[in-house]
Amino acid sequence: MNGEDDKGICSVSKAEIDVVNLMNDRGAAWKMHSVIQATALVEQFIFDAA
C-alpha cells in the first residue's frame, strides 16, 4: 500500500516537474496569457449565466 502511494507521489512530482520545465521553455509570459485568457472566459461564462 505504502509502495503504491510512494510511486503515485513520485509520478505526480515527475509530471509537475515536466510541466514546470515545459512552461519555462515556452516562457512565463505565455503561461500568464493562457491563465488570464482562461479566467476571462470563465468570468464571461458566469456573467452570461447570471
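The values are calculated or read from the model by the stated rules, or taken from the named source; none is laboratory data. None of the values given here were measured: they were computed from a predicted structure. As a convention, Cβ positions derive from the backbone with ideal geometry for all residues, glycine included, and neighbour counts pool all protein chains shown.
Does Glu43 count as at pLDDT 75 or above and either out of contact with any helix residue (DSSP H, G or I) (no Cβ under 7 Å at 6 or more places or on another chain) or in a helix (DSSP H, G or I) (or both)?
On the way: at pLDDT 75 or above: yes; either out of contact with any helix residue (DSSP H, G or I) (no Cβ under 7 Å at 6 or more places or on another chain) or in a helix (DSSP H, G or I) (or both): yes.
Criteria met by Glu43.
For the range 1-30, which residues satisfy the criterion of being surrounded by 10 or more Cβ atoms within 10 Å (Cβ to Cβ), at pLDDT 70 or above and assigned to a helix (DSSP H, G or I)? Quick ask: steps written out before the conclusion?
Keep residues of the range 1-30 that are surrounded by 10 or more Cβ atoms within 10 Å (Cβ to Cβ), which gives 6-24, 26-27, 30.
Then keep just the ones that are at pLDDT 70 or above; that gives 13-22, 24, 27, 30.
Once the filter is applied, which keeps residues that are surrounded by 10 or more Cβ atoms within 10 Å (Cβ to Cβ), at pLDDT 70 or above and assigned to a helix (DSSP H, G or I), the range 1-30 yields Ser13, Lys14, Ala15, Glu16, Ile17, Asp18, Val19, Val20, Asn21, Leu22, Asn24, Trp30.
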